[in-house]
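Participant: Quick one: the structure is below, and I'll ask about it shortly.
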Amino acid sequence: MKPNKWGTEFYLTCCADTAYCSRLDIYCGKANDDETAIAQRAVVKNLAQVLRGQPAQRLICTDNFYTSIPLSHKLLSMGHSHVGTIRKDRKGWCTGIEFSQKRRPKRMDTGTYRVALWKDHPEYVALTWMDNKPVRFLATGCPTRPTRVSRRERDGSVSVVPCPQLVRGYHEAMGGVDVHDQLRLQRYSIQRAIRMRKYYKAIFLGLVDLAMVNAFIVHKIAMRRRGKPVPTHAAFLRALHTDLINQTSEDFAGRDDMADLVAEPLPRVPRALEKTDEMNGAKRRQWLCKVCSAYAGAGVRSFETSFFCATCSRAKKGRVTLCKIASPPSTRQFAHVRSGVASELEERNGDPGGVAAQDKVCKQA
């Protein structure tokens, strides 16, 4: 693979509702000189992986870089509808529905359109819709009944323009990739902030940006389902950076999965917390408590501690830091305590019955 002076092409497959990137394909050049329609092949390959084992009858939206008649035909054979803008120089495009004007004249109403159907395959629709400029659409399995779509003018006002249903479906579903690109490239991008001499390093930073945007999208969905406040993009990144700064070599020494830590019950054996000997200047080094970190709500800072459980650390193959003293939870901090954490608190507080442990969690900072 050689660098391209115009940049490296990423073929993304994103959810239209959440903008989550499910799969990407990096263009690495032609496999041979006769290979054509590489972008269209990438669309089919990505969709085959993303939608494998799921019901068909999905609406696939593409921009004019990907849209072509062979792609629509392939997606239709896979059981999916397709709509996308298309370039007028694509092979097989119906030139009879083209407007002679390059811009909409004042005497022409906004939303005027021309439609052509394939006689042998009426599910194929070609459409030229006049906005400020003519916009060309190719669709399969999409309705053409009249409807309206909202358009934002240059002065910021919103106008309602008549259009066929397939145009509205395109506008509603095409925002996934656009929103993902806005989050990845226009806001807090590591790739754009750091200039690299080696092109493959810039590609790596772009993949890091993509992973952080996906993490932010998943975090927003999880917070909505729990009925908690959804953080802004900047607040999420600040929390992520803080957690990364607090990582030490002990956190990378072994498998330290927080979900397993709070979900899997630990064996009940007598043990006591030990204090670390590592120093950070004149003070002992501190880490975030694993229990507090697992159950901390939005805007709640976890308690830092120098104590850890040696038995748990050996079992989890990584340092398990815990608060030395447990106290009743605040209503803002934790909702409940799972069984695995309850056993930990039970042993810390000397409660063999396990009753008081159900109502105790680590102290909040």
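Participant: Mind listing whichever residues of the stretch 69-84 are hydrophobic (A, V, I, L, M, F, W, C) and touching a Ser or Thr at 6+ places or on another chain (Cβ under 6 Å)? If you could, list the steps in order and put the result at the bottom.
Facilitator: Of the residues in the stretch 69-84, the ones hydrophobic (A, V, I, L, M, F, W, C) are 69, 71, 75-76, 78, 83.
Hit for the stretch 69-84 is Leu76, nothing else.
Participant: Continuing with this model, one more query. Scan Gly96, Gly92, Gly111 and give me the residue that is modelled with pLDDT of 85 or more, in a loop (DSSP other than H, G, I, E, B) and more than 30 Å from Glu153 (Cβ to Cβ).
Facilitator: Of Gly96, Gly92, Gly111, the one residue that is modelled with pLDDT of 85 or more, in a loop (DSSP other than H, G, I, E, B) and more than 30 Å from Glu153 (Cβ to Cβ) is Gly92.
Participant: Under 7 Å by Cβ, and 6 or more places apart or on different chains, what pairs join a residue from the stretch 133-156 that is on the phi > 0 side of the Ramachandran plot with one that is modelled with pLDDT of 85 or more and surrounded by 11 or more Cβ atoms within 10 Å (Cβ to Cβ)?
Facilitator: That search, which allows pairs on different chains as well, returns Gly141/Leu76; Gly141/Ser81; Gly141/Glu123.
Participant: For the stretch 105-130, which positions are in contact (Cβ under 8 Å) with a residue 12 or more places away in the chain and closer than 13 Å to Thr144 by Cα?
Facilitator: Once the filter is applied, which keeps residues that are in contact (Cβ under 8 Å) with a residue 12 or more places away in the chain and closer than 13 Å to Thr144 by Cα, the stretch 105-130 yields Tyr113, Arg114, Val115, Ala116, Glu123, Tyr124, Val125, Ala126, Leu127, Thr128, Trp129.
Participant: For the stretch 123-210, give me every one of the helices (runs of 4 or more DSSP H) that falls completely inside it and has 1 or more residues that are under 29 Å from the mean Cα position of the chain (by Cα) and under 29 Å from Asp89 (Cα atoms).
Facilitator: Values: elements: 165-173, 175-181, 190-193.
Fully inside the stretch 123-210 and qualifying: 165-173, 175-181.
Participant: Considering only residues that are within 11 Å of Leu183 (Cβ to Cβ) and touching a strand residue (DSSP E or B) at 6+ places or on another chain (Cβ under 7 Å), which ones fall in the stretch 212-247?
Facilitator: Asn214
Participant: Quick check: anything in the stretch 34-48 in contact with a Pro (Cβ under 9 Å, 6 or more places away or on another chain) and either surrounded by fewer than 10 Cβ atoms within 10 Å (Cβ to Cβ) or at pLDDT below 80 (or both)?
Facilitator: Checked the stretch 34-48: at least one residue is in contact with a Pro (Cβ under 9 Å, 6 or more places away or on another chain) and either surrounded by fewer than 10 Cβ atoms within 10 Å (Cβ to Cβ) or at pLDDT below 80 (or both).
Participant: Among the numbered criteria (1) in contact (Cβ under 8 Å) with a residue 12 or more places away in the chain; (2) within 35 Å of the chain's Cα centre (by Cα), which one does Phe99 miss?
Facilitator: With (1) in contact (Cβ under 8 Å) with a residue 12 or more places away in the chain; (2) within 35 Å of the chain's Cα centre (by Cα) applied to Phe99, the lone miss is (2).
The values are calculated or read from the model by the stated rules, or taken from the named source; none is laboratory data. In this text the structure is predicted, and so the values were computed from the model without any measurement. Every residue, glycine as well, gets a Cβ built from its backbone with ideal geometry; the counts of neighbours run over all protein chains shown.
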